[in-house]
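*Asks:* Starting off with a structure, shown below.
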Amino acid sequence: MNESRYSQSELEEKLDDILCAALSSRRSAAAVAAGIAPLSRAQQEFVLDWAQVAAQNAAELGYQFSAQAPQALTLFGRSGAEKWLLRALDAYDKEGLYPACAALKDLNGFKRASDAAGEGVALAEVKRVLELFLLGLAGRRLQLEAAEDTWTDTETIFLPVRIAHYPERARNFRLYKAIAVHHWAQARYGTFNLDLPAVLAGYAAPERALAWLNLLEAIRLENQSGRAFPGFSALFAGLRPALSASLAAAREQLSCAGASIADSVRLLREHYPLALPEPFPYMGSLRPERAAEVRGERIAKERRALYTELTQLRLAAQAERRDPQTGEPDLDVESSFETLDFELQIDGEAVAPPEEVARLMRSIIQDFGEIPEEYLLASGPGAYAADSLPEEESGGSGETRASGGRLYDEWDFRRRDYRKDWCVLFESEVPQGDAAYVAAVRARYAGQITQLRRRFEALRGEDRLMRRQQEGDDIDFDAVVEAYAERKSGIEPSERLFVQRRRSDRNIAVMFMVDMSGSTKGWINACEREALVLLCEALEALGDRYAIYGFSGWTRKRCEIYRIKTFGESYGDAVRCRIAGVEPRDYTRMGVAIRHLTGILNEVDAKTRILFTLSDGKPDDFHDGYRGDYGIEDTRQALIEARQSGIHPFCVTIDEEARDYLPHMYGPASWVLIDDAGQLPLKTAEVYRRLTS
Amino acid sequence: MNDLHDTRRLNADVDRIETEPYYEPVGAEVALFEAAWASRVPVLLKGPTGCGKTRFVEHMAWRLARPLVTVSCHDDLTASDLVGRYLIVDSETVWVDGPLARAVRSGSLCYLDEIVEARKDTTVVIHPLADSRRILPMEKRGELLRAPDEFMLILSYNPGYQSVLKELKHSTRQRFVAIEFDYPRADLEARIVVAETGIDGSMAERLVKFAAMTRNLKGSGLDEGASTRLLVHAAQLMQRGVAPRDACAAAISLALSDDPEMLAAIDELASAVF
Ligand SMILES: Nc1ncnc2c1ncn2[C@@H]1O[C@H](COP(=O)(O)OP(=O)(O)OP(=O)(O)O)[C@@H](O)[C@H]1O
Ligand SMILES: [Mg+2]
């Protein structure tokens, strides 16, 4: 099963053989091979086999098939892709080569036709709906990913790329949903809260024991989730076969309130020798080792995060006390595993915790059934992992001082203090890129740009009434009345009797700070650049003053800031070429970039100053331990400093992994998460519009 | 013309509350409010939309037996809309008090709802009322109103706004005692829905559970989750025979989003509880 996949050159060789008659000096097999190379070995074999079949009919068909096959597999799954090819071969027989090739190229048409015929549902179509559904259900993010096997590590649920078990589309969707709910329930109702590998090791055939345990758990989870969510009982019952006598007996015990994994493990003893029933269609497999690993990492991470948050609550509580002598504030939590509700008390008084604390607590209750006593102790979870500590370096800064960099402090959360002059920052200009780039983006987004500009112009046109003007478009009744009263009492009346509408002076300056670190390479960088183009178009319509700078770096001794557009510059050819030249560089040291750009922004005279960062949310500098908590805390601190200096920091973060430290890191700023980089260009401008209207 | 129209509207807003408005206390807010009133300190109510701020103020006005003047602030609301202005009546100029002035004269509670929506110059007139001076200068009229002890100023403010232009200035904020509101705890929220609509307890609990799930989506495509108000609306529809899932869609989901995928996800959440 785990044969390694073919490399691109191996594939190219094979394709050369199969497709030779369709290849020429202008058309090589290389591009096709590149498309197939990332597929799994099984999928690669599938493509090669069918390419051979197609090429025996006509070499051109083989070529078209293998060129489109990777996308067809994503869209239709294996059986669907097979049907797609067979339809084309059919067309070849009946109508000839040209219609057959057209049929292969028309992936969307096939998809529509097969959907209408009830051919099933692709994960890609329902992923977002199901992920939102799960987020609502769980209160923490669960990702969905297509895979050959169905299982969960408690943070990602792996499920089939396409489901076509049933003739009706709606039913196939229900199966997707049932898979999602079943695997959510494993994390929610504690399937992995016991050391399962140890349990299984007690059986002669651990695989068999695991399969039985999986079934018993499916019954337990159906009943536990059905207790809280009646809709789920119906969902599962509608998809699985009637229970065998032995399973029906097990259900009696697994359906009472609070039945846990321990009950399933207890029942496993008696069921193990019995014949294994068919698994239920939504069940997938259990992988206790992987789940335990991911769960363990999450627990450690959340414990640290909660500790940091609670420390702040403690400090705040202590500061509020009249008599600070009385020792540490006393924390207490009452929680319910049923509802995930909890009440936090500090010194016996209920407090409403910040949203981030509430989220962490609920997640921890899901993993433990409660907030463990020791999580509330003031002493905390002990030393931080050594790999998150920056190496101590001595006397490095002397030489760099000479080479024109600026020195910045950096926050060290373990010391609760700054490291003085720790970072050296260099500012330079982004090299100019392709002069045609911006024009191309503008052409591609022409329709949206017109709309954007219109919406932004509407903001700009927000009128202000100027009263008591010499002339204007309306009578100022207040002034008329006053004039009337004045005339009556013999005073010379004013002649300023009109109101005038004037464009209000927005007086906003905004600094865009763009992530140019290596982690943005590829798709994210492309989206960032497009976002910049749209932002410029919109801001030109709006008239707000703006600057754009990029940031990246390589260790604390070489933090880089790249000028793309200064406040003084206009959006002309030079700026456009620099936008085109925005490229991923090295690592991300975000704190120092925020500090530097805050400084530049504070030199601008404006009523409202906004620091708008655009990044992928990974403070990351491999070489001296900026990675991890250190970088997160420094970034957070830099945002606090920016805010204190009177700036409004705002972070847009593209995050396909939904890392859970984001709320803490960006907490001092306002922020939004965009989970799909493709939405970045249009969303960013929209976010800015809302931020300032 | 506009002004005349406005004035008629503004005149209709002094409200004497005769019967007790139902309010379910969520924390110590009643005692806090009473203490602030007795100390003549103004109050700022912070919290998301539809969580009971307006209801709370009505309840407190009844409790303290004071009339209530409510002004819903909007972006055209100016200082003179609040304080008052001259009008021409039969070619005579007549001064008409604005709601704030009326509230001060009558020793009412004055509730300025969504103050950040109002024009900036309105904060200038509330500042002297909101500190120890407790005065309302009426420049146009050359009069200085001194607030009686019973008068109290109450602002509401929804910090959920993303606009930096709509943040409350510190100089305003720091004059007020802040009471923070959030959606009530699950059991209380269910009790409120029952009390407001007469729906049965288990249905109310399901609605509350559904609301909690939508609140998990805040920041991931929703600006706000379902408020208590929306739950009350859905329960009202259900009481009139609308099927639960339809009621949730009409009263809650569609009020939260236009995004078809988001709506589909919310509908799936509803199907989990109903
Ligand atoms: N604690 C409570 N006691 C009684 N009813 C409540 C309570 N909280 C909310 N409600 C119900 O919710 C509805 C909406 O509350 P209310 O109008 O006071 O919200 P609000 O906070 O003023 O919202 P907005 O910010 O949008 O003005 C009320 O009409 C009432 O039915
Ligand atoms: Mg209200």
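*Asks:* For chain B, what is the accessible area per residue in Å² when the probe is 1.4 Å?
*Replies:* Heavy-atom accessible area per residue stands at 44 Å².
*Asks:* What ranking do A:258-270, B:106-118 get when scored by the average of other Cβ atoms within 10 Å per residue, highest first?
*Replies:* Taking the mean over residues of other Cβ atoms within 10 Å, the ranking is B:106-118, A:258-270.
*Asks:* Quick check: Cα centre of the range A:79-100 to Cα centre of the range A:123-173, how many Å?
*Replies:* If you average the Cα positions of each part, the centres end up 31 Å apart.
*Asks:* Each label point is 7 Å from the Cα along the Cα-to-Cβ direction; what then is the distance between the points at A:Ala170 and A:Glu338, in nm?
*Replies:* 3.4 nm
*Asks:* While we're here: Could you check the simple spin-label distance between B:Arg40 and B:Ile135, using points 7 Å along Cα→Cβ, in nm with one decimal?
*Replies:* Result: 1.3 nm between the two label points.
*Asks:* Only bridges with both residues in chain B count here: give the DSSP antiparallel percent, nearest 5.
*Replies:* Around 40 percent antiparallel, to the nearest 5.
*Asks:* How big is the antiparallel share of DSSP beta bridges in the protein assembly as shown, given as a percent to the nearest 5?
*Replies:* Of those bridges, close to 45 percent are antiparallel.
*Asks:* State the Cα centre-to-centre distance between the range A:570-600 and the range A:1-52 in whole Å.
*Replies:* Cα centroid of the range A:570-600 versus Cα centroid of the range A:1-52: 41 Å apart.
*Asks:* Between the alpha-carbon centers of the range B:19-51 and the range B:88-150, tell me the distance in whole angstrom.
*Replies:* With the range B:19-51 and the range B:88-150 each reduced to a Cα centre, they are spaced 22 Å.
*Asks:* Give, as a single signed number, the net charge of other residues whose beta carbon lies under 12 Å from the beta carbon of B:Leu254, with Lys and Arg counted +1 and Asp and Glu -1.
*Replies:* Taking every other residue near B:Leu254 into account, the sum is -4.
*Asks:* Another one. Say the dipole of the protein assembly as shown comes from +1 at the beta carbon of Lys and Arg and -1 at that of Asp and Glu; which of A:Ala59, A:Asn193, A:Val575 then lies farthest toward its positive end?
*Replies:* Of A:Ala59, A:Asn193, A:Val575, it is A:Val575.
*Asks:* Ok, one more. Dipole of chain A, Cα-centred, from +1 at each Lys and Arg C-beta and -1 at each Asp and Glu C-beta, to the nearest 20 debye?
*Replies:* In debye, rounded to 20, chain A gives about 1580.
*Asks:* Ordering B:Ser156, A:Ser255 by accessible area with a probe of 1.4 Å, largest first, what comes out?
*Replies:* Output order, biggest surface exposure first: A:Ser255, B:Ser156.
*Asks:* For peptide B:260-268, how many partner chain Cβ atoms fall within 10 Å of a residue's Cβ, on average?
*Replies:* Partner-chain Cβ atoms within 10 Å, mean over residues of B:260-268: 6.
*Asks:* Going Cα to Cα from A:Lys14, which lysines come in below 25 Å? Please leave out same-chain ones fewer than 8 positions away.
*Replies:* A:Lys83, A:Lys105
*Asks:* Moving on to the next point. Quick test of the membrane-span-like rule: which DSSP H helices of chain B reach at least 18 Å along their long axis (C-alpha atoms) with mean Kyte hydropathy at least 0.5?
*Replies:* What comes out of the filter, once short or polar helices are dropped, is B:260-273.
*Asks:* Report the relative contact order of the range B:186-273, percent, no decimals, based on alpha-carbon pairs under 8 angstrom and at least 6 residues apart.
*Replies:* 27 percent
*Asks:* Dipole of the protein assembly as shown (Lys/Arg Cβ +1, Asp/Glu Cβ -1, origin at the Cα centre): which of A:Val357, A:Pro493, A:Gly522 lies farthest to the positive side?
*Replies:* A:Pro493
*Asks:* Accessible area, 1.4 Å probe, largest first: how do B:Trp95, B:Trp62, A:Trp212, A:Trp523 sort?
*Replies:* So the residues, ranked largest to smallest area, are A:Trp523, B:Trp62, B:Trp95, A:Trp212.
*Asks:* Mind pulling the angle between the C-alpha long axis of helix A:169-188 and the longest principal axis of chain A? Nearest 10 degrees, somewhere in 0 to 90.
*Replies:* The angle comes out near 80 degrees.
*Asks:* Any chance you could give the angle, 0 to 90 degrees and rounded to 10, that helix A:107-116 forms with the longest Cα principal axis of chain A?
*Replies:* On a 0 to 90 degree scale, this one is about 70.
*Asks:* Now, a different point. Under 5 Å between amide hydrogens, which residues at least 5 positions from A:Leu611 or on another chain qualify, with H placed 1.01 Å from N in the peptide plane?
*Replies:* Those lying under 5 Å, H to H, from A:Leu611 are A:Met511, A:His648, A:Phe650.
*Asks:* Among the listed pairs A:Lys607/A:Lys683; A:Lys607/B:Lys46; A:Lys420/A:Lys618; A:Lys488/B:Lys140; A:Lys683/B:Lys169, which are separated by more than 18 Å between their Cα atoms?
*Replies:* A:Lys607/A:Lys683; A:Lys607/B:Lys46; A:Lys420/A:Lys618; A:Lys683/B:Lys169
*Asks:* Given H placed on each backbone N at 1.01 Å, which residues far from A:Asp421 in sequence or on other chains put an amide H within less than 5 Å of it?
*Replies:* Here the answer is A:Asp409, A:Glu410, since their amide H atoms fall under 5 Å of that of A:Asp421.
*Asks:* To continue, here is another question. Quantify how strongly other chains surround peptide A:269-281 by giving the mean number of their Cβ atoms within 10 Å of each of its Cβ atoms.
*Replies:* Averaged over the peptide's residues, the number is 0.
*Asks:* Now, a different point. Peptides A:132-145, A:586-599: what's the order by average Cβ count within 10 Å, highest mean first?
*Replies:* Ranking the peptides A:132-145, A:586-599 by packing returns A:586-599, A:132-145.
*Asks:* Sort A:637-647, B:261-271, A:348-358 by the packing proxy (mean of other Cβ within 10 Å over each peptide's residues), most packed first.
*Replies:* Peptide ranking by packing, descending: B:261-271, A:637-647, A:348-358.
*Asks:* Separate question: How large is the helix-only mean residue ellipticity at 222 nm for chain A, computed as the sum of -39500 (n - 2.57) over DSSP H runs with n ≥ 4, divided by its residue count, in deg cm²/dmol to the nearest 500?
*Replies:* -16000 deg cm²/dmol
*Asks:* Can I ask one more? I want the local charge near A:Asp330. Using Cβ-Cβ distances under 13 Å, sum +1 for each Lys or Arg and -1 for each Asp or Glu among the other residues.
*Replies:* Residues close to A:Asp330 contribute a combined charge of -3.
*Asks:* For the pair A:Gln312 and A:Gln470, how long in nm is the line joining their label points, each one 7 Å along Cα→Cβ?
*Replies:* About 5.5 nm, to one decimal.
*Asks:* Stokes-Einstein diffusion coefficient for chain A at 20 °C in a medium of 1.002 mPa s, Rh from the Kirkwood formula over Cα pairs: what value in µm²/s?
*Replies:* Answer from the Stokes-Einstein relation: 71 µm²/s.
The values are calculated or read from the model by the stated rules, or taken from the named source; none is laboratory data. Fair warning: this is a prediction, and the values are worked out from it, not measured in the lab. Note that each Cβ is placed from the backbone with ideal geometry, even for glycine, and that neighbours are counted across all protein chains shown. Side chains included, ligands, DNA and RNA excluded: accessible areas come from the protein's heavy atoms. Shrake-Rupley method; radii C 1.70, N 1.55, O 1.52, S 1.80 Å.
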